[in-house]
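J.: Questions regarding the structure given below will be posed in turn.
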């Protein structure tokens, strides 16, 4: 059995941002005339007011302009229903944890603090507590940005902020804000980037019926995620490993203790993203292009040992891992369209990812239709993902190693596992989701959703536990429910 | 078993009726401070201001929008008249904007009296009041920049 965890390690993001936020910006607030709202016994509203009414409250401007909001989701799904498949929200989630604890799949809670330093300077800090791979505490911070907006046309923000790859990029943790129990996993589950650290420039123009927004982002991303699950994580059993040359096995009954651990380190820097949105009538259209220069390194002593032992007789093995773990470029293109009228909402997004390596490539999309009747919103979503990327390398059969060689059994197992890895990172699946959202009270909604997911043969997707009969196609059904609220 | 399902359905319908948002009004006035250099706003401008698409008044000042209480039928009626949307859709919309850090929703206050008090004191304030209060705007330091009648 093989367990590969792709980890894009976090580091404490730009200390510059923190210094800027905590030290420099308060001075900006004093540089501009304060517009604190006077408070009285009768009226206590934390809103700024014009300079005309500025009095003794000036010094208390900052505390008065802080606001704290929150959002939460409590959910459950029978994630352990199948032995060889798992219902996962995205690649941030550890397969084994989700399989054992269905409530961890969608449950989360977030807190957001916002504030105005002046009418044109503001800041946002948001943390989300949920099940995910964590390297340090900053992984819990989704937003920590400062924004300058001189008028409705221009805006610049610096710090940690959403990475605009999808319609839901900037609020996909806020379950209350969308219809689904979870956004379509084909589209939202694989690209692991929630946010980036850097700067974003926004320009808006047009009028109400013809509103355009163009944004440009630059920065870097570090994150942690799992894109392949080969079953139970091997880390707990590493000490028991007795076979360094084996990086996996096709045998379903293989001893788990033989699974090595793959730590994959990816840092995307620089990243560029540009997004164009157009609101016209009932339509909201978007297009974006993102470029990521990312470096992905497999950090596995087992692999290094194996490569060292067989490099002379099977150089293709080294080529494979170089291809699989190289410094690479990702080009991401996406289009989205949303239409709403009289309770009907139709939304669709399609994307094409072109990566030089194996990860992330392919075409993905979904179509979502819902109708609201009073507080009930039934919906149907169709999802699609196709990935035909492959790695070109010298296979074992193409070497001079024969079946008579003493190395052959071990290398043969390795070859099978390379095939598994190659397939595992592919996402070829189709999905039908049926569900209903019930806004039973203000700022609270109950949702119920059933997903029918078909996975093609030799396709890992994010739902397949590779090495457990994943070579066959499968159709799985999961139902799940959540309570979503904001406060 | 059948009666059990009927009980569940009845309970859901009862709950459903209790959380209805439906009280209608004769219409709404969009009000600003009497000293504000704004004489008229279009409905589209008001939508932009109350849905966070615009943060600044035509005068260039940062707009301070005030709202009726979150759970009030007045608020639900106002947004339905303004946008044609169910208040749950409006709340979900604001959840998207608020938690993405893009914009903050109008500040909810207790009632119309508090709205009047605030708008009369904050030059860049904007809010809405029932049509019936039109006659008292001037003496309370407010003026109407748009009238929206019930459809």
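J.: Based on the Cβ-Cβ distance from residue A:430 to residue A:214, what FRET efficiency comes out when R0 is 30 Å, to the nearest 0.05? Show your work: numbers first, answer last.
T.: Details: r = 34 Å, r/R0 = 1.13.
Rounded to the nearest 0.05, the efficiency is 0.30.
J.: Next question. Describe numerically, in nm with one decimal, the distance between label points set 7 Å from Cα along Cα→Cβ at residue A:274 and at residue B:110.
T.: Each label point is offset 7 Å from its Cα along the Cβ direction, giving 5.3 nm.
J.: Using the beta-carbon distance between residue A:412 and residue A:151 and R0 = 41 Å, what value does 1/(1 + (r/R0)^6) give for FRET efficiency, to the nearest 0.05? If you can, show how the numbers build up before the last one.
T.: Values: r = 67 Å, r/R0 = 1.63.
Between residue A:412 and residue A:151 the formula returns 0.05.
J.: Work out how much length residue A:350 to residue A:313 would gain on full extension: take 0.36 nm times their residue separation and subtract the Cα-Cα distance, in nm to one decimal.
T.: Details: separation 37, 0.36 × 37 = 13.32 nm, distance 4.39 nm.
Between residue A:350 and residue A:313, full extension yields 8.9 nm more.
J.: Packing-wise, with mean Cβ within 10 Å as the measure, how do B:53-63, A:140-150 rank, highest first? Let's see the in-between values first.
T.: Numbers: B:53-63: 18.1, A:140-150: 19.8.
Result, highest mean first: A:140-150, B:53-63.
J.: Still on this structure, I have one more. Count, for each residue of B:100-113, the Cβ atoms from other chains sitting within 10 Å of its Cβ, then give me the mean as a whole number. Spell out each step's value before the answer.
T.: Numbers: counts 16, 18, 8, 3, 8, 1, 1, 5, 1, 4, 3, 0, 0, 2.
What the average comes to for B:100-113 is 5.
J.: Sorting check: for A:89-98, A:399-408, A:332-341, which peptide has the highest mean count of neighbouring beta carbons within 10 Å, and how do the rest follow? Show your work: numbers first, answer last.
T.: Details: A:89-98: 21.9, A:399-408: 11.1, A:332-341: 17.2.
Ranking the peptides A:89-98, A:399-408, A:332-341 by packing returns A:89-98, A:332-341, A:399-408.
J.: Hey, another quick one. What spacing in nm lies between the two simple spin-label points modelled at residue A:419 and residue A:283, each 7 Å away from Cα in the Cβ direction?
T.: Taking the simple label geometry, residue A:419 and residue A:283 are separated by 4.8 nm.
J.: In Å and whole numbers, how far do the C-alpha atoms of the stretch A:393-487 stretch along each principal axis, longest first?
T.: Computed over the Cα atoms, the extents are 71, 26, 20 Å.
J.: Give me a single rounded figure for B:115-126: the average over its residues of other chain Cβ atoms within 10 Å of their Cβ. Don't jump to the answer; show the numbers that get you there.
T.: Values: counts 1, 0, 4, 5, 0, 0, 8, 10, 6, 7, 4, 0.
Mean number of neighbouring Cβ atoms from other chains: 4.
J.: Oh, and also: What's log10 of I(q)/I(0) for the stretch A:85-215 at q = 0.09, 0.20 Å⁻¹, Debye sum over Cα points only, no solvent?
T.: Calculated log10 I(q)/I(0) at the listed q: -0.32, -1.26.
J.: Continuing with this model, one more query. Separation of the stretch A:85-130 and the stretch A:264-295 by C-alpha centroid, Å?
T.: Each part reduced to its Cα centre gives a spacing of 20 Å.
J.: Would you tell me the mean number of C-beta atoms belonging to other protein chains that fall within 10 Å of each C-beta in A:171-179, as a whole number? Mind dumping the intermediate values first?
T.: Working: counts 9, 3, 2, 6, 1, 7, 10, 3, 1.
Mean inter-chain Cβ contacts per residue within 10 Å come to 5.
J.: Follow-up question, since we're still on this one. Cα centroids of the stretch B:84-151 and the stretch A:200-222: how far apart, whole angstrom?
T.: Going from one Cα centre to the other spans 27 Å.
J.: Could you order the peptides A:283-289, B:118-124, A:410-416 from most to least packed, using the average number of other C-beta atoms within 10 Å per residue? The partial results should precede the final answer.
T.: Details: A:283-289: 16.1, B:118-124: 22.3, A:410-416: 19.3.
The packing order, highest mean first, is B:118-124, A:410-416, A:283-289.
J.: Sorted from fewest to most neighbouring beta carbons within 10 Å, what does the list A:99, A:477 look like?
T.: Values: A:99 24, A:477 13.
Final ranking by Cβ density, sparse to dense: A:477, A:99.
J.: Now, a different point. Mean separation of Cα pairs under 8 Å and 6+ residues apart, divided by the residue count of the stretch A:144-218: what relative contact order is that in percent? Can you show the working numbers first?
T.: Details: 99 pairs, mean separation 24.1, N = 75.
Rounded, it is 32 percent for the stretch A:144-218.
Every number here is computed from the coordinates shown, using simple stated rules; none is lab data. Just so we're clear, the structure is a prediction, and the values are computed from it rather than from any experiment. Neighbour counts are summed over all protein chains in view; Cβ atoms, including those assigned to glycine, are modelled from backbone coordinates with ideal geometry.
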